[in-house]
Amino acid sequence: MAVNIILPPSSLSLWNTKKLIYSTQIRFRIMSLASKSQPQSVASSAVYQVPGLDSHEMDSTADKTFERYLSNTAKRNGKGVSIVWFRNDLRVLDNEALFKAWVSSQAVLPVYCIDPRLFQTTYYFGFPKTGALRAQFINECLADLKKNLMNKGLNLLIQHGKPEDILPSLTKAFGAHTVYAHKETCSEELQVERSVARGLRQVVLSTAQGNSSRSSSTHSPKLQLIWGSTLYHLDDIPFSVGSLPDVYTQFRKSVEAKCTIRGCIRLPTALGPPPSVDDWGIIPSVEQLGLHSEKVVKGMRFLGGETAALSRVTEYFWNKDLLKIYKETRNEMLGPDYSTKFSPWLASGSLSPRFMYEEVKRYEKERQANDSTYWVLFELIWRDYFRFISIKYGNSLFHLGGPRKVEKRWHQDQKMFETWRNGCTGYPLIDANMKELSASGFMSNRGRQIVCSFLVRDMGIDWRMGAEWFETCLLDYDPCSNYGNWTYGAGVGNDPREDRYFSIPKQAKTYDPDGEHVAFWVPELLPLPKEKRNFPGKSYIEQVVPLKFGSSNKHHSQRSKYGGRHSGLGNR
């Protein structure tokens, strides 16, 4: 019987030492010591904790990182109370909203609103907007944020309800003069921002309550939105959003040549005191959010929170020294160390892209600079690009025809879609990736491109069904990267190559040549010879559709000099 295990960091490192390194058409194999020593049935049911450090090591790593980003010169000069409305910025390090709130007040009230709309259903097809695994990850992020704020002399007020109801009520109760928050870009989030601003305008404070120097005796609290989610600041890019290039390469070359990345915001040692609060609230369980709790029993188990995020950066860059081979290993699909795995923390805002930039530059100075160190930044710029594109194109990012308003016939056959969603298509590479997504909330970048191509090209199914299912499942879901990537993959985005097809046989031979990924997730394939695992014939379930281009290699994904489409560490 298979045994579920969590490998300790040392064993984990050995088990996953295996890397497929592609350079000038040559592939080198580095054999894993642990895979030799572990029985296949055990290895095929392993759980990998990401990061692979224990709690003491993570706390120590985070403390040392925070110490490097302390400011001895920051001074506060405000009066009264300010509120920090945490959204998708669940961190202390490089949090400009938190810093500005501290500077402008005598007391800061950090608030997180558990918005019931985030636990409703997706727009077109009624999938859960937030799956259980992401809900658990966010809960862990909140618990860690609360801990880190308390270490700085603050706390985190947990409130259940809509921000537009909660925040005006809090500003009135505490006499807060300003609500600080990081700005979002997509329609649902923008609507909430407008509703909060409208609600604050209805609040009337006396001058004595707030931080007003005006002669009038009353005023309303303000909503101050701050840009803080990208590597390059919105105000610094060399074009208006309306004239943003429709080709990523043009965007990248322009910002690299003309823009400077701003430094991380440094915070003082102490941020307190907070205002007096009788009940700070509790973080709800997954069940209290209306979901059924799920436990990761196979694959990667990501730990939520800024402490885990900073620890993963240290683990990947410094402890394991994997940054130097990132470009060569990033397209693999099995294990925790073929890529950075930073994306869940980037999506929740537990990790700052500017902090990542500074760590890359520190690594280049202290160890080495090469294509791999640059490639991490290259992916972060992709992430920026999708964020800016979401401003330029608005809701067309979510429409069937995409930003280019493509007219194409798609079908929405539910039974066909369920074979894809449940990993029962008869194609091991598709099925393994989809099973990984459901079981862990993660899928490799390469896997995402392959399953997207199969759904829209081979099955002919409405791409929005796939995008919404990813919205449900992904730990690293954010609307900009998710829908930006799906519009690209479906050929309705601003992509210079419209018919981007990924040949499954070609992809399997290139990225899973020994069938290790498919055998891990589809264990009935494990007894087959390695060369048969991706091509099992009648030894596996019947294929639901024929491939659009069969096994022909001439139609496989073509890669540019920069390696084809990337996704901005949104799934790296």
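The values are calculated or read from the model by the stated rules, or taken from the named source; none is laboratory data. If you're wondering where the values come from, they're calculated on a predicted model, not measured in any experiment. Glycine also receives a Cβ, built like all others from the backbone with ideal geometry; neighbour counts cover every protein chain displayed. The area values use the complete protein model at the heavy-atom level, side chains included, leaving out ligands, DNA and RNA. Shrake-Rupley method; radii C 1.70, N 1.55, O 1.52, S 1.80 Å.
Please report the accessible area of E189 (heavy atoms, 1.4 Å probe, ligands and nucleic acids excluded) in Å², nearest 10.
Looks like 50 Å² after rounding.
Pop the C-beta distance of S217 and S187 into the FRET formula with R0 = 35 Å and round what comes out to the nearest 0.05.
0.40
Relative to the longest principal axis of the chain, what angle (0 to 90°, nearest 10) does the C-alpha long axis of helix 428-440 take?
Taking the Cα atoms of the chain, the angle to 428-440 is about 30 degrees.
Computed over the Cα atoms of the range 124-200, what is the convex hull's projected area averaged over all directions, in nm²?
6.7
Looking only at Cα atoms, what is the convex hull volume of the range 288-399 per residue, in Å³?
Residue-normalised Cα hull volume stands at 156 Å³.
Tell me which aspartates and glutamates have Cα within less than 16 Å of K538's Cα, excluding those fewer than 8 residues away on the same chain?
Once the sequence-local aspartates and glutamates are set aside, what remains near K538 is D431, E524.
Over the Cα atoms of the range 206-324, Rg to Rh with Kirkwood Rh, two decimal places?
1.07
Evaluate the Kirkwood expression for the hydrodynamic radius of the range 414-539, namely the inverse of the mean inverse distance over all pairs of different C-alpha atoms, and round to one decimal in Å.
Every distinct Cα pair counted, the radius reaches 14.8 Å.
Please compute, for the alpha-carbon atoms of the chain, the extent along each of the three principal axes and give them in descending order in Å.
In descending order, the Cα extents are 81, 53, 49 Å.
Work out, in µm²/s and without decimals, the Stokes-Einstein translational diffusion coefficient of the range 145-288 at 10 °C, 1.306 mPa s, Rh from Kirkwood over C-alpha pairs.
Value of D from the Cα-based Kirkwood radius: 86 µm²/s.
To the nearest 0.05, what FRET efficiency results for Q106 and S60 with a Förster distance of 22 Å applied to their C-beta separation?
Numbers: r = 33 Å, r/R0 = 1.48.
Approximately 0.10, to the nearest 0.05.
Skip the ligands, DNA and RNA, and give the accessible area per residue of the chain with a 1.4 Å probe, whole Å².
Per-residue accessible area for the chain comes out at 40 Å².
Using the structure shown, select from K64/K152; K100/K258; K361/K392; K100/K152; K509/K532; K415/K435 the pairs with a Cα to Cα distance greater than 20 angstrom.
Over 20 Å apart, Cα to Cα: K100/K258; K361/K392.
Can you give the FRET efficiency to the nearest 0.05 for S240 and C424, using r as the Cβ-Cβ distance and R₀ = 41 Å?
Working: r = 47 Å, r/R0 = 1.15.
It comes out at approximately 0.30.
Thinking of the range 438-482 as a set of Cα atoms, what percent of all their pairs are more than 12 Å apart?
The proportion of pairs with Cα distances above 12 Å equals 62 percent.
Starting from the Cα of E531, step 7 Å along the direction of its Cβ; do the same at V297; then give the gap between the two resulting points in nm.
If labels sit at E531 and V297, their model points lie 3.6 nm apart.
For the chain, with all protein chains present and a 1.4 Å probe, just round the carbon and sulfur fraction of the accessible area to a whole percent.
C and S atoms contribute 51 percent here.
In degrees, nearest 10, range 0 to 90: what is the angle between the Cα axis of helix 163-174 and the longest Cα principal axis of the chain?
30
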